[in-house]
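So the structure is just underneath, and the comments pick up after that.
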Amino acid sequence: MNKALLDTDTLSEIGKGLNPTIAANAMAYRRDYGHYTTSTLSVMEIVRGFQRIGSTRRLQQFVASLAILEVLHFDQTSAKLAGRIAGDLERAGLTIGLIDPMIAAVALTHELELVTGNTNHFLRIQQLGYPLTLANWRS
């Protein structure tokens, strides 16, 4: 199992603990690496979701769990790469919003596989020639 950046959907599904395939992959990953790796962008998306639905308890639990996560920042290098990816996607008519190119850029900057259930969006980035490696823990 390669070291990976967990996309928002995968990190959220691990927290819910409902999918046994994701749970098994998550346990194997933690056994190998000791922690999960995600981005500040996924942290923002999860916090936004709990805030939107008014789930103070789940928000507090998630914030407490950040202490055991490796959280990678969206830095200047990632920002420049994300801008190139988003521009290339727009030029090709393959837009996927702004957050996904930003998450992909963090994975690429740190040379990490991206674990996501949303492979359709990220495959578009691969189609443009970016060397993004994807994994889907749902299957």
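The values are calculated or read from the model by the stated rules, or taken from the named source; none is laboratory data. Please read these numbers as outputs of a predicted model, since none were measured by experiment. Cβ sites come from the backbone with ideal geometry, for glycine too, and all protein chains shown count toward neighbours.
Residues in the stretch 94-116 that are part of a loop (DSSP other than H, G, I, E, B) and either at pLDDT 95 or above or hydrophobic (A, V, I, L, M, F, W, C) (or both): L94, I96, L98, H110, E111, L112, T116.
Going by what's in this entry, would T8 be described as surrounded by fewer than 17 Cβ atoms within 10 Å (Cβ to Cβ) and in contact with a helix residue (DSSP H, G or I) (Cβ under 7 Å, 6 or more places away or on another chain)? The answer is no for T8.
Consider the stretch 124-139. How many of its residues are outside any loop (DSSP other than H, G, I, E, B) and either touching a residue at least 12 places away in the same chain (Cβ under 8 Å) or over 21 Å from M1 (Cβ atoms) (or both)? Total meeting the criteria: 5. If the condition is being surrounded by 15 or more Cβ atoms within 10 Å (Cβ to Cβ), part of a helix (DSSP H, G or I) and in contact (Cβ under 8 Å) with a residue 12 or more places away in the chain, then the stretch 11-35 contributes L11, S12, E13, I14, I22, N25, A26, Y29. Of all the residues in the stretch 86-119, those that are farther than 18 Å from S12 by Cα and either among the hydroxyl-bearing types (S, T, Y) or more than 11 Å from the chain's Cα centre (by Cα) (or both) number 17. Could you check, for the stretch 113-121, whether at least one of its residues is buried (at least 19 other Cβ atoms within 10 Å of the Cβ), under 15 Å from D7 (Cβ atoms), without any contact (Cβ under 8 Å) to a residue 60 or more places away in the chain and not basic (K, R)? Among the residues of the stretch 113-121, at least one is buried (at least 19 other Cβ atoms within 10 Å of the Cβ), under 15 Å from D7 (Cβ atoms), without any contact (Cβ under 8 Å) to a residue 60 or more places away in the chain and not basic (K, R), which makes the answer yes.
If you go through the stretch 1-10 and pick out every residue that is within 13 Å of L72 (Cβ to Cβ), not in a strand (DSSP E or B) and not acidic (D, E), you end up with 1.
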